[in-house]
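Quick notes on the structure that follows.
The values are calculated or read from the model by the stated rules, or taken from the named source; none is laboratory data. Here the structure is a predicted model, which means the values were calculated and not measured. Positions of Cβ are generated from backbone atoms using ideal geometry, with glycine treated the same way; all protein chains shown enter the neighbour counts. Just the protein is used for accessible areas: all its heavy atoms, side chains included, with ligands, DNA and RNA removed. Shrake-Rupley method; radii C 1.70, N 1.55, O 1.52, S 1.80 Å.
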Amino acid sequence: MPRTLDTADVLDAVPRGLLIGGAWRAAASTFDVRDPFDGAVLAAVADGTGADALDALEAAHEAFPAWRDTAPRERGEVLRRAFELLQERAEQAALLISLEMGKSLEEARGEVRYGGEFLRWFAEEAVRIGGRTSRLPEGGGTVLVERRAVGPCYLVTPWNFPLAMATRKIAPALAAGCTVVLKPADATPLTSLWFAELLREAGLPDGVVNVVTTSRADAVSDALLPDPRLAKLSFTGSTPVGRRLLAQSAEQLLRTSMELGGNAPFLVFEDADLEAAVEGAMAAKFRNIGQACTAANRFLVHESVAEAFTARLAERAGALRLGRGTDEGTDLGPLIRESAAERCAELVADAVDRGATVRTGGARGEGSFFEPTVLSGVVAGSRVLEEEVFGPIAPVQTFADEDEAVALANGTPFGLVAYAYTSDVARAHRLLRRIRSGMLGVNAGVVSNAAAPFGGVGHSGFGREGGEEGIEEYLEVVYGLIAD
Ligand code: NAD
């Protein structure tokens, strides 16, 4: 679908300040948000400090009791109105995402659909926060179990899905009755600022959502995490940063949710529908230019079908059109920054040095571009297998049987998602038990869905976003023992 909106008009509609207590305010300085396509400045936004962050937390703290006590139906209806406004303005959101993050407009539209679903889902979940009662086993009293909102939350989001990573946290937090301080990534703050204004239009009371943009993430976290007014940290980002924030959260014994990095295996068995497997591989690898925590990082293919699969994948990958995300016809945009393209080149060089063959791509393009790449004969120990690639590189290894496939799949401390293509239903069930990851896509190259509990195990973190489980992250269980 061609672009219908003017870039300048959409950028003009984005607030540039900090949203604190329902008002947009300037900060002492600003930082530039750049187009990853050519480095051009898209906008200068407020560069929040630790002091600004504490003001935002105070606003969230003040707004909390009234929001917690707002009828669940009313909280849900604000989310529902936000969902509807987002549908009306989906093209604006998609254009902003594409501009600041670089993905194609078509993919950005997909993110708007996906991100919006969290608003709709948690609008429905707000009225289903349950509890239970039970008689004491020995008699003489009743236990009354309730769930209540934890309090003000600090939400930290990455740049790769500027809208969806925000709605995936904000929607369950608001549904539960929590207030928030959102800190978007400095590469992509514009979508969050735009979305915060949309939430205000949807009728969200002042102070319930506060947004602090900053180029100094550590200063904001250093101010907020030790503060006793804060009840929870929900972080999505890399494992090293998550580890650091987790350590800082220990001081106040904060509740934490950690959605961290991945190293997803993509298994293709001898009984798979190969054309479907290639289709799934294209989505699992090249969606978001490979910059997804769920991106397939390692392709493990049965030796009897490895050549056919690899040749077809290389053909499809080689046909992808690179370009500016907002231009019609672009399949793959630039990586988020030049250093990311440089790192991809290093990963390919390392794999080739150890004996891998480049089947397509393998080189940097201009600026932040990197060619869609397929490597075969990748040797164990290669960096591309051990590190989270976060770019359009598909390394293929082979296996001889299911046991070896599972052992290779589990050969990583990460455990976010795995993919498996097979026509054997019993095998699918076995894999769900045997593969150490929070999610498994069977004959599916994308697993994310607002109705399902997204999250990882091991070094991919803990906590779940979406599904019935998502709201639990923002609730604490309390009980009363009521004597007869
Ligand atoms: P990142 O860890 O560099 O940054 C994530 C967020 O943390 C940003 O808002 C950033 O400003 C902030 N941050 C960075 N350093 C900080 C510090 N010292 N103190 C406080 N905050 C700090 O990650 P990224 O490059 O933005 O995103 C890519 C990573 O996110 C990948 O590892 C990817 O797998 C992961 N990710 C995970 C999920 C998931 O749900 N598991 C989803 C998307 C992305």
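For segment 138-157, the count of residues that are within 16 Å of the ligand (Cβ to nearest atom), at pLDDT 95 or above and under 24 Å from D331 (Cα atoms) is zero. Identification of strands (runs of 3 or more DSSP E) wholly contained in segment 355-452 with 1 or more residues that are charged (D, E, K, R) and open to solvent by 30 Å² or more (accessible area, probe 1.4 Å) yields 357-360.
Taking segment 165-206 as the range and being buried (at least 24 other Cβ atoms within 10 Å of the Cβ) and touching a Gly at 6+ places or on another chain (Cβ under 6 Å) as the test, the residues that pass are T167, P172. Hey, among the residues in segment 288-298 that are in a helix (DSSP H, G or I) and within 12 Å of the ligand (Cβ to nearest atom), which one's nearest to H459 (Cα to Cα)? Step by step, filter segment 288-298, then rank; the result is G290.
Taken over segment 311-342, residues that are closer than 27 Å to T398 by Cα, of a type outside the set (G, A, S) and out of contact with any Phe, Trp or Tyr (no Cβ under 8 Å at 6 or more places or on another chain) amount to 3. State which residue pairs qualify: first residue more than 30 Å from G365 (Cα to Cα) and inside segment 25-39, second residue of a type in the set (G, A, S) and assigned to a strand (DSSP E or B) in any location, beta carbons under 7 Å apart, and separation of 6 or more residues or different chains. Short answer, once both residue conditions are applied: A26/A46; A27/A46; T30/A44; T30/A46. If you go through segment 158-171 and pick out every residue that is within 14 Å of the ligand (Cβ to nearest atom) and in contact with a strand residue (DSSP E or B) (Cβ under 7 Å, 6 or more places away or on another chain), you end up with 5.
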